[in-house]
Amino acid sequence: MYFKSKCSTNMKLNKDMLSQATWIPVDTSNSTFVFSAYYEHAAKHVVLVGLKSSEVVGTCQLWFAHGNGTFDRMEESALELYQDLTPYNGQRYVSYLFRCSSPNGQPAYASVVQTSCQQPSKLIVVKVSETPKSYKRKFTVCLMPLFGNFSDAHSLVEWVELNLLLGAEKFFVYDNSSAENIRCVLKMYAERNIVEIVQWPIPVKDVHYVGQIAQLQDCLFRNKPESEFIVNVDMDEFIIPRKDNVRTWSDFVANSSSGAFIFRNTFFLKETYDENSSSNALAKQFKLYSLLLSKHEPKVWVHGQRSKYIARTSMVTWLRVHDVLQSSSQIDLVSEDQAMLFHYRYWENKNVNTDNFVTDETVIRKYGETLVDNVKRTWTEIEAHRLKHCEPSSKNTS
């Protein structure tokens, strides 16, 4: 449903209403929130990433601007449900995509209110989300939101540096709650144009993993115009090509036109690490578990369970945590002899029997020496950055 608004002249707008990215309530009962907005030219609609807990009734207000920054007009459209992204798992809120019809082109801003002609509280910048003629980069990594005052800087640096060796060019880090030492490290990477930090002040608690599924959609739509692929891995996960002649993700996807590649998971258990082993001293110093652990559990999980993926942004429509929901091309279920998701974590089980664990030194053999050198250099840069730019409380970067 689409109609031209007759009430825009009665509304008061100011610069304080502009929001690059924040959670905005649609109604007074806080049943619906929206975070970001993306225009799709072919479909002539605006897609909004959001959350909902009940039936949604709302109105999209689409604001069109003159070249001098003033508004030409405002048009209204019903807020339509576009895609439910979360299987029911008991939480009150689910991640959702909404859409608003925009037949007259791309608006500059969008606002979402409960009823037509209602004064908006915030305006969301509408970004373009479409396939470009050429991409700025090949691989972008999307990290689930940091939460719980996350403070493990060693894991963060290992994760960034190993993924850079694998082919990552940029990381989108969604920050719900992190410690000062993490913010200091992220700022250093941001200054090097390696990390883009997206503040993620999600307004509700009763939602799956701090709104991870909404975050994935936002990362996908943000990167459709810029990155050929997005990679979904958590801070303790790495997609590792296992063939000797395949070192990077670029090597892996080189001869394929598939829309997505889904990788089977196996666990390396941190509690099996032997402190008295003869591992590289610097690997120990910087807590590089990808080099300290060379044996994983015998189980390799099936596709769709604990798996993660690389997805071609032009061919996938929506994302889930462990697979893609829809693709316009083939989805490759990658065999473990080609590549795997190496997952390093604690099970908090101090009596793990490792007799049947499988030795795999792919990471050590392919990336070990370079990873140690890069991490050592990065920690030197972090310390210099901390002294110049970060609060004294960030001195403890461990």
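The values are calculated or read from the model by the stated rules, or taken from the named source; none is laboratory data. Only a predicted model underlies this, so the values are computations on that prediction, with no experimental measurement involved. Cβ sites come from the backbone with ideal geometry, for glycine too, and all protein chains shown count toward neighbours. Keep in mind that these areas ignore ligands, DNA and RNA; they rest on the heavy atoms of the full protein, side chains included. Shrake-Rupley method; radii C 1.70, N 1.55, O 1.52, S 1.80 Å.
Across Pro120, Pro103, Pro241, mean-square fluctuation computed from a Gaussian network of the chain (C-alpha pairs under 10 Å connected) peaks at Pro103. Over the chain, Cα pairs under 8 Å with separation of 6+ residues give a relative contact order of 16 percent.
The gain in end-to-end length when the Lys299 to Glu361 segment is fully stretched comes to 20.6 nm, 0.36 nm per residue minus the alpha carbon separation. Tilt of helix 362-389 relative to the longest C-alpha principal axis of the chain, in degrees (0 to 90, nearest 10)? Taking Cα atoms only, the helix is inclined about 60 degrees. For region 202-314, the alpha carbon convex hull comes to 176 Å³ per residue, rounded to a whole number. The calculated FRET efficiency for the pair Asn30 and Gln199, based on their C-beta separation and a Förster distance of 22 Å, comes to about 0.70.
Computed on the Cα atoms alone, the convex hull of region 172-266 gives a volume of 155 cubic angstrom per residue. Taking GluC sites (Glu not before Pro) across region 259-349, the ones in a DSSP loop with at most 11 further Cβ atoms lying within 10 angstrom of their Cβ are Glu275, Glu348.
The Cα atoms of region 117-207 define a convex hull whose projected area, averaged across directions, is 9.0 nm². In this structure the amide hydrogen of Val198, modeled in the peptide plane, comes within under 5 Å of the amide hydrogens of Val173, Tyr174, Asp175, none closer than 5 places in sequence on its chain. Helix 180-191 and the longest principal axis of the C-alpha atoms of the chain enclose an angle of approximately 80°.
Judged by the mean number of other Cβ atoms found within 10 Å, the most tightly packed of the peptides 225-234, 50-59, 253-262 leads the ranking 225-234, 50-59, 253-262. What base-10 log of the normalised intensity I(q)/I(0) is obtained for region 166-209 from the Debye formula, alpha carbons as equal point scatterers, at q = 0.14, 0.16 Å⁻¹? Taking Cα atoms of region 166-209 as identical point scatterers yields -0.40, -0.50.
Annotation: extensible slack from Thr115 through Ser54 equals 20.3 nm (criterion: 0.36 nm per residue apart, minus Cα-Cα distance). Helical runs (DSSP H, four residues minimum) scored at -39500 (n - 2.57) apiece and divided by the length of the chain put the mean residue ellipticity at 222 nm at -6000 deg cm²/dmol.
With R₀ set to 41 Å, the beta-carbon distance separating Glu271 from Asn10 gives a calculated FRET efficiency near 0.05.
Per residue, the chain exposes an accessible area of 44 Å² to a 1.4 Å probe, with every protein chain left in place.
Averaging the Cα positions of each part gives two centres, and for region 238-295 and region 50-125 these lie 42 Å apart.
The distance between label points at Arg137 and Ala108 comes to 2.9 nm (points 7 Å beyond Cα on the Cα→Cβ vector). Histogrammed with a bin width of 20 Å, the alpha carbon distances of the chain distribute as 26, 54, 19, 1 percent, first bin at zero. Given Lys127/Lys170; Lys243/Lys376; Lys138/Lys243; Lys170/Lys287; Lys138/Lys270; Lys205/Lys287, which pairs have Cα atoms separated by over 25 Å? Going by Cα-Cα distance, Lys243/Lys376; Lys138/Lys270; Lys205/Lys287 fall outside the 25 Å limit. Calculated on C-alpha atoms, the gyration radius of region 33-86 divided by its Kirkwood radius gives an Rg/Rh of 1.02. Stretching the chain fully between Asn351 and Gln330 yields a gain of 3.3 nm (0.36 nm per residue, less the alpha carbon separation). Relative to the dominant Cα principal axis of the chain, helix 153-166 is inclined by about 90°.
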